[in-house]
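Derivation of every value follows stated rules applied to the coordinates shown; laboratory data play no part. Nothing here was measured: the structure is a model prediction, and the numbers come from that model. Quick reminder, even Gly has a Cβ in these numbers, built from the backbone with ideal geometry, and neighbours come from all protein chains shown.
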Amino acid sequence: MTNFDPESIHDVKGVPVHSVHRHDVVIVGAGLAGLRAAVETSAEFDVAVLSKVFPTRSHSGAAQGGIAAALANEEEDHWEWHMFDTIKGSDYLGDQDAIEIMVKEAPVVVREFEHMGCPFSRTPEGRIAQRRFGGHTKDFGTGGPVLRACYAADRTGHALLHTLYEVCVQNRVRFYPEFYALSLIIRDGVCRGLVAWDVINGGVHVFHAKAVLFGTGGYGQVYKITSNALANTGDGLSLALRAGLPLEDMEFVQFHPTGLYQAGILVSEAARGEGGYLINGKGERFMERYAPEKMELAPRDLVSRSIQTEINEGRGVDGQAYIYCDLRHLGEEKIMSQLPQIHELAWKFLHVDCVKEPIPIQPTAHYSMGGIPTDIDCRVLLDGKSKPVAGFFAAGECACVSVHGANRLGTNSQLEASLFGRRAGKAMVRFLRETRTWPDLPADSAGSAIAEVERVLSAKGTESVGAIRNELKEKLSAECGIFRDAGKLEKLAGELRELEKRYRNIKIDDRSEKFNYDLLEAIELGHMFDFVELIVAGALRRQESRGAHSRVDFPERDDEKWLKHTLAWKSGEKIVFDYKPVTITRFQPKARTY
Amino acid sequence: MATITFRINRYNPDDERRGHYMQEYTLEISKGNTVLDALNRIKWEQDGSLTYRRSCRSGICGSCAMTVNGVNRLACETQVLALKSSVVTVEPMRGYPVVKDLVVSLDPLVRGLLTVKPYLITKTPPPSDQERLQSPEDRAKLDGLYECILCGACTSSCPSFWADKAYVGPHAMLKAYRFVADSRDEGSREHLEALDDKHGLWRCHTIFNCVEACPKDLNPTRAIGELKKELVRQRIG
């Protein structure tokens, strides 16, 4: 292996390497995970953050309802209760060692946000205010809903994200805004940096790093109806796959119960946490048939299945594919003080005044429980089990540690992203104190990235990226959505192979290098094909129903055969599977009812 | 359903000779379609070279601020039919350097922001195992300030900014006041330091364009007024 010389690959096929940057830490993604890690590492090391959008545009900012922590500011609460709820919510697929760390450290992480300046809503005593959320209960599930979600009105993600950005500014973190990661440089089990595209000016840049963190977020854009931003295309997952790493539990996709009808935009669970009802076309609060105790505050997988069942059986409003989220009985004052953004979104997108009218909603693809397998210190695992890649870390939605198992509870994602971003930061600090020099860069570091840009910019086919992507989204929603079965999944696997063939024959309208989203969207679509195949194949193999993975042909949870995590690799055209056991410490699996 | 003509500013930095020009696209628009939906359909179905920023689609990320029929708005939350116009003109926000088509440089926005030390400044260490206390009344003083999404619509609409590119801009002063007004902040002098300047607070001539332009209904002019009062208080006090 030789030291890297950018001149040696200059002008390969006309796409030059613009420059080589060297930092101790390079973080990809400027959401809660990436920025929290940047805050943690920037006091001692030289940290760069790359983000495909300007940092405060990251999708963490769209989170609304809250961040979970058993602060007990409003009423009795304990981390043990939070732990039980998270495990039961995960349908016992969450790893209990990681969950225990998360719920124990949660109060520290939330209070640190307050110390940084986050404008949390307050109790009359001046403490951080807390509200109810689905699946969060008292007394190990035997009591009622508990006030656990710490919030800033219904703009909690926005408040947390901007606070972290502000601290990063104070800490002089080096930002590379609108840089798009193209490939990881991993050789011989050592991560050496990555290659990225400068979106604004064009040009391939090599980032040479001792430690790389992925906080690249989710992939809701592979579904037709989604709460996710257009930037959420799952690039990080596919970059890991292409570097030869496995992905874990990709069949578990969360559908949020309440997306605005047709747009899919999130209506926070806080709407139900504050007392909102779900009403079908016949005017019934139908949740009493599915979760008689917890009603609207049952976990998301159960509520989404209930709504979809109502719609499928013709009890949507006017027989259409939506039902109502009704807030009217909360009154104008509570809606405007606690749920102002919901009011604004319903008005701007559906012209519905939720003080006076119910909001049309439908389930919307929201969150990926699976992702890049890591240990409890966010070190990415080469074999998915125990062998870390030196210098490569992942946290937040793109990672699978796994605290959410088969279904995530609301407010646990902002917690996970922040908390494991912080843990990743601490782990990187320890790693960097022992790592004095940069690993060698191989001479062909940028080869695959340059080839990819060149492939798209010189595309001479006939197929439209937009049209193929639309078909992919429609098919995935129809055949790998809330309810799944072998017939549909097998059909889908074949359709995806056909679509991917068409993708190899795309055309491109914009061949310039500066701010070329035509180029980016074509590359993103390639990423989608890479990891979507694993969602479908994993869903087909898992012959049981657990959490968000609901097989009509295998309606029961099967602990004997399937109480295990899926690991999947790409090997040429083939997908290779392996499995690993779930870490169970305090709570043995039992039947899951609400 | 209505047939709408979109007149869109095109500018390719690689073709300086052609410069800026308007290109027309026609779409059938239904109720519920936003300007962003329309741009997406043009890009995905008619012309992949059309370039604009977008991400969240729900008015919280601030990417898609642009000028629609002469007014700065977020494309994602602007209903096309509500514009009541068969021709919709879409241009990049004025005042900022144009990168391509509808995309502007965010550099002036960031530069302005950094001058006000946009972070909580404290001297007293926080309690080690609990949060700082803040009364609901003190917290309410941050409403109308912390919601800023840094879209840049306000500063782009400001004639003072058009005339003075070194002006820090209403977005930065709204952010400064978000910290000055925070009961936990102990650095109001530091936030204000750079603003006592001809490119700072005194460049604002209370034109109120920023208030009209803000898609989140925030009031930078009021924040600037409060900062001026605070600065005067510090000077004579």
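Let me know the whole percent of all Cα-Cα pairs from chain A that are separated by more than 48 Å. Beyond 48 Å sits 8 percent of the P(r) for chain A. Placing one equal scatterer on every Cα of the range A:38-121 and applying the Debye formula, the log10 ratio I(q)/I(0) at q = 0.19, 0.26 Å⁻¹ is -1.09, -1.24.
Just so you know, the Rg over Rh for the range A:325-396 is 1.35, from Cα atoms, with Rh as the Kirkwood radius. Once each part is reduced to its C-alpha centroid, what is the distance from the range A:214-241 to the range A:101-125 in angstrom? Centre-to-centre distance over Cα atoms comes out at 28 Å. Calculate the tail of P(r) for the range A:450-559: the fraction of all Cα-Cα distances greater than 25 Å, expressed in %. That tail contains 33 percent of the Cα-Cα pairs. The separation of the range A:377-410 from the range A:148-195, counted between C-alpha centres, amounts to 17 Å. Scaled to the globular estimate 2.2 N^0.38 Å, the Cα spread of the range A:129-273, given as radius of gyration, is 1.33. Using only alpha carbons, the range B:79-231 has a radius of gyration to Kirkwood radius ratio (Rg to Rh) of 1.03.
For a 4.7 Å threshold on C-beta separation, the list of partnerless cysteines in chain B reads B:Cys64, B:Cys76, B:Cys148, B:Cys151, B:Cys158, B:Cys204, B:Cys214.
Projected over every direction and averaged, the convex hull enclosing the alpha-carbon atoms of the range B:1-107 yields 6.6 nm².
Here the convex hull built on the C-alpha positions of the range A:242-384 has a volume of 151 cubic angstrom per residue. One equal scatterer on each Cα of the range A:495-594, no solvent, Debye formula: the resulting log10 I(q)/I(0) at q = 0.10, 0.24 Å⁻¹ is -0.46, -1.31.
Using the alpha-carbon positions of the range A:313-467, Rg (one decimal) and Dmax (whole number) come out as 23.6, 66 Å.
Any of A:Lys138/A:Lys224; A:Lys88/A:Lys356; A:Lys514/B:Lys84; A:Lys52/B:Lys216; A:Lys138/A:Lys564 with alpha carbons more than 30 Å apart? Name them for me.
A:Lys138/A:Lys224; A:Lys88/A:Lys356; A:Lys514/B:Lys84
The GluC sites (Glu not before Pro) found in the range B:1-104 that occupy coil by DSSP, while having at most 10 further C-beta atoms within 10 Å, are B:Glu16.
Once you reduce the range A:251-283 and the range A:53-83 to the center of their Cα atoms, the two points are 18 Å from each other.
Counting neighbouring beta carbons within 10 Å and listing from fewest to most, the residues A:Ser448, A:Ser545 come out as A:Ser448, A:Ser545.
An ellipsoid equivalent to the range B:80-142, defined through the eigenvalues of its Cα gyration tensor, has semi-axes of 42, 21, 9 Å when rounded to whole angstrom and sorted largest first. Scalar couplings 3J(HN,Hα) for the range A:270-280, obtained by applying the Karplus form with A = 6.51, B = -1.76, C = 1.60 to θ = phi - 60°, are 4, 4, 7, x, 7, x, x, 9, 10, 10, 8 Hz; x denotes Gly and Pro. Calculated [222 nm] ellipticity per residue, helices only, for chain B: -7500 deg cm²/dmol; basis is -39500 (n - 2.57) per DSSP H run with n ≥ 4, divided by all residues, nearest 500. Springs join every pair of Cα atoms under 10 Å in this Gaussian network model of chain B, and among B:Ser188, B:Ser30, B:Ser157 the largest mean-square fluctuation is at B:Ser30.
From the C-alpha coordinates alone, can you work out the Kirkwood hydrodynamic radius of the range A:255-323, in Å? The answer is 12.0 Å. Between A:Ile265 and A:Leu260, the built amide H atoms are under 5 Å apart, and every one of these is 5 or more places off in sequence or on another chain. For a bin width of 10 Å, list the pair-distance distribution of the range A:101-144 built from all Cα-Cα distances, rounded to whole %. Result, from short to long distances: 22, 43, 32, 3 percent. Projected over every direction and averaged, the convex hull enclosing the alpha-carbon atoms of the range A:400-473 yields 9.5 nm². Rounded to the nearest 0.05, what FRET efficiency do A:Glu80 and A:Arg455 give with R0 = 51 Å and r taken as the Cβ-Cβ distance? Could you check? Efficiency computed from Cβ-Cβ geometry: 0.45. Among B:Leu195, B:Leu150, B:Leu83, the largest mean-square fluctuation in a Gaussian network model of chain B (Cα springs under 10 Å) belongs to B:Leu83. Evaluating kT/(6 pi eta Rh) at 20 °C and 1.002 mPa s, with the Kirkwood radius of the range A:369-410 over Cα pairs in the Stokes-Einstein relation, gives 209 µm² s⁻¹. Placing +1 on each Lys and Arg Cβ and -1 on each Asp and Glu Cβ, with no other charges, gives chain A a dipole about its Cα centre of roughly 280 debye.
Shown for A:Arg433, B:Arg139, A:Arg300: other C-beta atoms within 10 Å of each C-beta, ranked fewest to most, produce the order A:Arg433, B:Arg139, A:Arg300.
Going from the fewest other Cβ atoms within 10 Å to the most, the residues A:Ser183, A:Ser337 appear in the order A:Ser337, A:Ser183.
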